[in-house]
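The values are calculated or read from the model by the stated rules, or taken from the named source; none is laboratory data. Small disclaimer: the values here were computed from a predicted structure and weren't measured. Cβ coordinates were reconstructed from backbone atoms using ideal geometry, including for glycine residues, and neighbour counts include every protein chain displayed. What goes into the accessible areas is simple: the full protein's heavy atoms, side chains included, and nothing from ligands, DNA or RNA. Shrake-Rupley method; radii C 1.70, N 1.55, O 1.52, S 1.80 Å.
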Amino acid sequence: MKWFLSSLLLSVFTGLASADLVGHGPRALYAITERFVALVDSSIDAVLIVDNKAGGAVVGHYVLHDESVNDDPDKWVNPISITSCADCHHIFITNPFMFFKIGLEKPLADMARTLDFSGFNQKAQIAPVWFDGWNPKYQNDGDIRMVSAAADGSSGYVTHASGGVFSFDPLSPDKEDPTAKHVIKIGEAGIDEDDINGIHHTSTLKNIILTSSKYVHIVKIKSSDGSNPLQYDKVTAYKLPLDYHCDYLYGGNDMTFMDTVIIDDYAFVLGHPTPEKGQHNGVAIYRLTWDDDDEAWHNCVQIAGSGLKDAGWVDGSGREAQFSATVHDIAILPTSDSQSHIIALPDTGNRAVRLIDVSYPVETDDETDKVRVYSAPYNEHLFEVMYTSEGKRTGMTPELAMVQDGKSYYHGGRENLYTMNFNAAQDECARVGIGRVCTLPEIRARFARGQYPTPDGDDESWTTVWMNENCSSCHLGDPGACDSSDWGEDYKMIAVFRPVTGLEAQCVHNERPVDTYSMCCGVGGPAVLDGTYLTSSQEKAKKAGISFGAIFAFMIVGVAVYGVYMRKRAKPAWWPKILRKDRKEETGHAPHREVDLRGRDYI
């Protein structure tokens, strides 16, 4: 039986935690490999294993509380941080009141190598631990923050808002752990009380990075002789004033920072201008550069997100990207390509993993305009799947909710690549008689087995299709699901797929023209088009009531221009047959299966 705290203790902890950490969703993640991440999602009180290469599919999950309290979120664990290591037989998580270890049958890295996380679902066990070397006065006080373990398991650290930093051994986390001690106290390394937000090990494992609301503190944990000075009560730190370097971006206005990671000579910092009461401006990512000559950091540049715009969910270039407001963690994906650099961000308000490709600014020292942001949206109604006993999702698991089979239709070849917005893609599906654009679970099922349109059948080629998935979300004050949307109602997802790199999603405006293939799912027809898909401008034009006499003079010219415009685009159902080259009679592309010679690919 899973361990869970007493009702009284959990009731106290949840009230305090809600005050300190506003917003429920994915609060932190641990990058297992480039493909898989483990994250803690407080909206469902679970650890999830998410496949970044499969459009955010959940391939493993572990509920942190006992099922007897499913209906009482006040007694849930409410996690805020997670870590592990390549050889660790535990996952380590925190909430504001306790440090936990989750026992594993084998390390997450081993599960990732075999593509099998079933052991995580069935065999994991959670238990609280407070080491003998940690002062008990800091236990259960609501001030525990983040946790980080070295990739090789050589050290682990937990931050505490009023205590500082505590160490532990990730490879042998027994209560009697001799390495567990209070290694950094408030006041040391320039750390102020109640001002520790994030912690990470550097890739060299020589330092830890502590982020406070105004500073980054880079603390040495490995001397030239290989020893750890913190174990000998020697604290050596470099203090980087983030406000000093970055607030010029907003006219000197006050800023708040949450987390920092370092890639080569660049520090990537998560933050935004300090919001006024009642505001929920989304976070942004900033880059600072290390100068060897000056031995200092400088040149703060905003590379992703706005920091001023309201919370949102927008992908694409870094400058047009938007995130939610309550994100407080970022991590580096361990990529196989030494010239590929990707930051993963658990987007709390959007219940998704956001991936920020910073390869260009790292490798070229500039080209910050080439930062790219995309999504791994894993939340397929998971609260309903896991905690609702009625409805169509009864008996499902998070893993089963990720894919959905059925009939579909598509065409491959470069000649079938059209410039379409979401409404045009929907119209094309109605024209061919299938009915609607595919959802993300439907896309996952088909792409996984090699059934998708492609320009040439080459595994290096990209395929892009619209998906019937909203990018709307909300700020959750409590565990659960959104009852309504706070943002994103005018945005839809596109699927971008290449066999050698996998499936990713991007949230773009539904009126944005995108070069995509038509891929349709389900059984239906023109009847699904009830007019609700019309944009506000289209609806206004429809209702304008302009007289026929006023527009007749322009009709002939308009028809001719529109005919030229539609020559290489998807045709609506009413398009005259004499003017169309009907794509229904062409052969589609579906690797690994035979295709109906009529050109319709029913899957």
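Listed by first and then second residue, the pairs with beta-carbon distance under 9 Å, at least 6 apart or on different chains, first residue in region 459-485 and touching a residue at least 60 places away in the same chain (Cβ under 8 Å) and on the phi > 0 side of the Ramachandran plot, second crowded, with 20+ Cβ neighbours inside 10 Å and in a loop (DSSP other than H, G, I, E, B), are 480/24; 480/43; 480/44. Check whether at least one residue in region 145-152 is part of a loop (DSSP other than H, G, I, E, B) and over 20 Å from residue 38 (Cβ atoms), and report yes or no. No: zero hits.
Has region 405-413 got at least one residue that is at pLDDT 90 or above and touching a helix residue (DSSP H, G or I) at 6+ places or on another chain (Cβ under 9 Å)? Checking region 405-413: not a single residue is at pLDDT 90 or above and touching a helix residue (DSSP H, G or I) at 6+ places or on another chain (Cβ under 9 Å). Restricting attention to region 467-492, the residues that are under 22 Å from residue 519 (Cα atoms), part of a loop (DSSP other than H, G, I, E, B) and hydrophobic (A, V, I, L, M, F, W, C) total 1. Residues in region 17-52 that are modelled with pLDDT under 95 and either open to solvent by 10 Å² or more (accessible area, probe 1.4 Å) or part of a strand (DSSP E or B) (or both): 18, 19, 20, 21, 22.
Do the conditions hold for residue 458, that is, is it surrounded by fewer than 14 Cβ atoms within 10 Å (Cβ to Cβ), part of a loop (DSSP other than H, G, I, E, B) and not aromatic (Phe, Trp, Tyr)? So residue 458 passes the test. Residues in region 174-213 that are free of Cβ contacts under 8 Å to residues at least 60 places away in the same chain, buried (at least 20 other Cβ atoms within 10 Å of the Cβ) and within 17 Å of residue 257 (Cβ to Cβ): 189, 191, 196, 199, 209, 210, 211, 212.
For every residue, the table says whether it meets (1) in a strand (DSSP E or B); (2) under 19 Å from residue 84 (Cα atoms); (3) not charged (D, E, K, R).
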| residue | (1), (2), (3) |
| --- | --- |
| 195 | no, no, no |
| 199 | yes, yes, yes |
| 203 | no, yes, yes |
| 210 | yes, yes, yes |
| 217 | yes, no, yes |
| 223 | no, no, yes |
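Which count do you get for residues in region 107-154 that are closer than 19 Å to residue 64 by Cβ and in contact with a Gly (Cβ under 6 Å, 6 or more places away or on another chain)? Here the count works out to 6. Looking only at residues in region 420-441 that are of a type in the set (A, V, I, L, M, F, W, C) and under 30 Å from the mean Cα position of the chain (by Cα), the one that is nearest to residue 400 (Cα to Cα) is 440. Out of the residues in region 249-266 meeting the condition of being in a strand (DSSP E or B) and touching a Leu at 6+ places or on another chain (Cβ under 8 Å), tell me which one is farthest from residue 282 (Cα to Cα). Looking at residues that are in a strand (DSSP E or B) and touching a Leu at 6+ places or on another chain (Cβ under 8 Å), I get 266. Can you confirm whether residue 77 is at pLDDT 95 or above, buried (at least 19 other Cβ atoms within 10 Å of the Cβ), closer than 21 Å to residue 354 by Cβ and not polar (S, T, N, Q)? In short, no. Only one of the listed residues (227, 223) is closer than 30 Å to residue 177 by Cα, open to solvent by less than 50 Å² (accessible area, probe 1.4 Å) and in contact with a helix residue (DSSP H, G or I) (Cβ under 8 Å, 6 or more places away or on another chain). That residue is 223.
Among the residues of region 282-308, the ones that are over 18 Å from the mean Cα position of the chain (by Cα) and more than 12 Å from residue 246 (Cβ to Cβ) come to 9 in all.
Just a yes or no: is a residue in region 347-361 in a loop (DSSP other than H, G, I, E, B) and over 17 Å from residue 506 (Cα atoms)? No.
For region 261-273, the set of residues classified as in contact with a helix residue (DSSP H, G or I) (Cβ under 8 Å, 6 or more places away or on another chain) and crowded, with 23+ Cβ neighbours inside 10 Å consists of 269, 271, listed by residue number. Taking the criterion of being surrounded by fewer than 18 Cβ atoms within 10 Å (Cβ to Cβ) and among the hydroxyl-bearing types (Ser, Thr, Tyr), would at least one residue in region 304-325 satisfy it? The answer is yes, given that some residue of region 304-325 is surrounded by fewer than 18 Cβ atoms within 10 Å (Cβ to Cβ) and among the hydroxyl-bearing types (Ser, Thr, Tyr).
Would you check if there is a residue in region 276-291 being of a type in the set (A, V, I, L, M) and surrounded by fewer than 22 Cβ atoms within 10 Å (Cβ to Cβ)? No, the conditions are met nowhere in region 276-291.
Which one of 101, 106 is without any contact (Cβ under 8 Å) to a residue 40 or more places away in the chain and open to solvent by 10 Å² or more (accessible area, probe 1.4 Å)?
None of the others qualify; the one that does is 106.
The single condition among (1) open to solvent by 10 Å² or more (accessible area, probe 1.4 Å); (2) under 20 Å from residue 260 (Cα atoms) that residue 171 does not meet is (2).
Here is a yes/no grid of residues against (1) of a type in the set (S, T, N, Q); (2) at pLDDT 95 or above; (3) in contact with a strand residue (DSSP E or B) (Cβ under 9 Å, 6 or more places away or on another chain):
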{"residue": "174", "(1), (2), (3)": "no, yes, no"}
{"residue": "182", "(1), (2), (3)": "no, yes, yes"}
{"residue": "192", "(1), (2), (3)": "no, no, yes"}
{"residue": "195", "(1), (2), (3)": "no, no, yes"}
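Residue 121 falls short on exactly one of the conditions (1) of a type in the set (S, T, N, Q); (2) open to solvent by 10 Å² or more (accessible area, probe 1.4 Å); (3) outside any helix (DSSP H, G or I), and that condition is (3).
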